[in-house]
Amino acid sequence: MKLYNTLTRTVEEFKTHTPNKVTMYTCGPTVYNFAHIGNLRTYIMEDALERALRYVGYGVKRVMNITDIGHLSDDADSGEDKMLLGAKREHKSVKELAAFYTDAFFKDCAALNIKRPDVVAPATEEVAEFIRVISALEEKGFAYKAGGNVYFDTSKVKQYHTFFNFKEDDLEVGVREGVEEDENKRNKNDFVLWFTKSKFEDQALKWDSPWGVGYPGWHIECSCIAMKHLGECLDLHCGGIDNVFPHHTNEIAQSEAYLGHPWCGHWFHVLHLNTAGGKMSKSSGGFLTLSKLTEAGFSPMEYRFFCLLSHYRNTLVYSEDTFQNAANAFRKLKARALALGTDGEKDEAAMQPFRASFKEALESDLNTSQAITCVYDVLKSALSAAAKRALLEEFDGVLCLDLLKEEKKQSALSAEEIEAAIAARAAAKKAKNYAEADRIRAELAAQGIKLKDSPSGTSYTIE
Ligand code: AMP
Ligand code: ZN
């Protein structure tokens, strides 16, 4: 598998510590609002990567955090606490807010055929681990206390700017206009490991610690969760491109300071989804969600297809037109796939070159758009219908576009409404009110819902 590595800034042969086994870590969502379709682009491409790795023969163990502790928008302790703001906005507790949006996130993932990671770790459940690692960093001389907080001392690591050869002055932290410098910091890029004093006096979730009652900083959670569940050597770390600095840079600094050896060999970053107006962002409001797309008559698979059509290392620009074109193409593609019969032989020798091309596309820095071209190549080939169907089924194990899945017929009534009508009919029958029972049956039939009675109850089909 050849994959671009942000660390070396080249496409290189992907290597793992244990042959054929990948430890994979993904930065998860901050659960103070719905994921927008930009966030979902990142998760779709990471899912495609995981499935591609499995397809080419790796076993994958994947871990994701859920940021359910106040997430500051920058390191200067002058940003906004997104969880607290969200809780106030929605008159919920921070816990309720996190539970609601975690659930909403995984519902979106399920609708988009994004596999749930093997381990999903909410930050609030890992605080003991954060405290243990911060204490170790303090013992090793990589952390200092100032103004009630514990900071990571970036001047103590051999190489801080791992991803880029930026000069210190090029880094933006603390120098953005309007953002006041945190006077407690010894070096501009130092960051908070543990807060006991921040401007958020009414912080909802606090824990006791050797440094006083407080809460962890932004970066420590991913390092700790990754090391706890995947060990001291990580093969693959993923996230959106905005995570490169400072988040992933700080993750590397603190993890390697703690471990005393290199930590993660390969960094995979997905470029952003932008609108014509610029980057889509959760905190700016006015963003598109998956539900807004489905309300507008699109299916989640159409969005997945739209994402897979472009390479993860290109910025993807969303517009109504480009998305509509992708959706139209997807509908045609799916109709062609569904129209395939089952006739003919599955000639393995004839199928093999198509499989090889598909694998090659995935192994060429996850070229998903080329992989989709392979689907079209199969459809227009001279292979038998049975062979085409078998190949499409196999490819769809990676693309996960439900190409061969018949859509369930939709009824104007929801499943709950149908069940309620069936229950009302059963009650009418029990009360020997057969006229009412027949009326309900006829009413459902008029909506295309056919009832079938059996000793174990009543089932229905939609026609
Ligand atoms: P957040 O929930 O804000 O922590 O973001 C979740 C993931 O989405 C992170 O990996 C971000 O890097 C990524 N992300 C944020 N904005 C975008 C965007 N406009 N396009 C693609 N990915 C994004
Ligand atoms: Zn992270």
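Since every read-out is calculated from the coordinates, none of them should be taken as a lab result. Remember, predicted model here, so these are calculated numbers, not experimental data. So basically every Cβ, Gly included, is an ideal-geometry build from the backbone, and we count neighbours across all protein chains shown.
Answer with one residue from PRO262, PRO19, GLY148: the one whose Cα lies farthest towards the positive end of the charge dipole of the chain, charges on Cβ with Lys, Arg +1 and Asp, Glu -1.
Comparing the listed Cα positions along the dipole, PRO19 ranks first.
Hey, with R₀ at 60 Å, roughly what FRET efficiency would GLU406 and GLU181 work out to, going by the Cβ-Cβ distance, to 0.05?
Step by step, r from the Cβ atoms, then E = 0.50.
Please give the contour-minus-distance gain from ALA426 to ASN20: 0.36 nm per residue of separation, less the Cα-Cα distance, rounded to one decimal in nm.
Here the segment from ALA426 to ASN20 would lengthen by 140.5 nm.
Quick check on the exposure proxy: order THR373, THR342 from fewest to most C-beta atoms within 10 angstrom.
Going from least to most buried by this count: THR342, THR373.
Which of VAL31, VAL56 has the fewest other C-beta atoms within 10 Å, and how do the rest follow up to the most?
If I rank by nearby Cβ atoms, fewest first, I get VAL56, VAL31.
Calculate, in nm to one decimal, what ALA349 and SER319 gain on full extension: separation in residues at 0.36 nm each, minus their alpha carbon distance.
Going from the current span to full extension adds 6.6 nm.
Once label points are set 7 Å from the Cα along Cα→Cβ at both ALA335 and LEU85, what is their separation, rounded to one decimal in nm?
For the pair ALA335/LEU85, the computed spacing is 4.5 nm.
With a sphere of radius 12 Å drawn around the Cβ of ARG313, what net charge do the other residues whose Cβ falls strictly inside it have (Lys, Arg +1; Asp, Glu -1)?
0
Taking the simple approach of a point 7 Å from Cα along Cα-to-Cβ for both LYS107 and ARG9, what is their distance in nm?
Spacing of the two 7 Å Cα→Cβ label points: 4.4 nm.
Rounded to the nearest 5, what % of the DSSP beta bridges within the chain are antiparallel ones? Write out the running numbers ahead of the final one.
Values: 24 of 48 bridges.
Counting only bridges with both partners in the chain, antiparallel ones make up about 50 percent.
With +1 on each Lys and Arg Cβ and -1 on each Asp and Glu Cβ, how big is the dipole of the range 375-463 about its Cα centre, in debye rounded to the nearest 20?
Taking the Cα centre of the range 375-463 as origin, the dipole is about 460 debye.
By count of other Cβ within 10 Å, fewest leading, how are VAL120, VAL213 ordered?
With the fewest neighbours first, VAL120, VAL213 line up as VAL213, VAL120.
Helix 434-446 versus the longest principal axis of the chain: what is the Cα-based angle in degrees, 0 to 90, to the nearest 10?
That works out to roughly 70 degrees.
Need the full-extension length gain, ALA445 to LYS228, defined as separation in residues times 0.36 nm minus the C-alpha distance. One decimal, nm.
Fully extending the segment from ALA445 to LYS228 adds 72.5 nm.
Can you tell me the dipole magnitude for the range 1-159 around its Cα centre, using point charges on the Cβ only (Lys, Arg +1; Asp, Glu -1), in Debye to the nearest 20? Working shown, then result.
Details: 22 positive and 22 negative charges, 118 e Å.
Charge dipole, the range 1-159, about its Cα centre: 560 debye, nearest 20.
Counting Lys and Arg as +1 and Asp and Glu as -1, what is the net charge of the other residues whose Cβ lies under 14 Å from the Cβ of ASN328?
Numbers: positive: ARG331, LYS332, LYS334, ARG336; negative: GLU302, GLU320, ASP321.
Around ASN328, the charge tally is +1.
What whole-number distance in Å separates the alpha-carbon centres of the range 358-386 and the range 229-304?
27
On C-alpha positions alone, give me the angle between the axis of helix 368-379 and the longest principal axis of the chain, in degrees, nearest 10.
Around 20 degrees separate the two axes.
So what's the net charge close to GLU126: Lys and Arg +1, Asp and Glu -1, counting the other residues with Cβ under 9 Å from its Cβ? Numbers along the way, then the final one.
Working: positive: LYS228; negative: GLU125, GLU129, GLU221.
Summing Lys and Arg as +1 and Asp and Glu as -1 gives -2.
Which value, in debye to the nearest 20, describes the size of the charge dipole of the chain about its Cα centre when Lys and Arg Cβ atoms bear +1, Asp and Glu Cβ atoms bear -1, and nothing else is charged?
Result for the chain is approximately 1400 debye, rounded to the nearest 20.
So who's got an amide H within less than 5 Å of the one on TYR4, skipping anything under 5 residues away but keeping other chains? H placed 1.01 Å off N, in plane.
GLU12
Would you kindly give the portion of the calculated P(r) for the chain that falls above 30 Å, as a percent of all Cα pairs?
Considering the chain, 54 percent of its Cα-Cα pairs are separated by more than 30 Å.
Mind checking the angle between helix 37-55 and the chain's longest principal axis? C-alpha axes, 0 to 90 degrees, to the nearest 10.
Roughly 80 degrees, rounded to the nearest 10.
So, in nm, how far is label ASN328 from label GLU417 when the simple model puts each one 7 Å beyond its Cα toward the Cβ?
So the two model labels end up 3.2 nm from each other.
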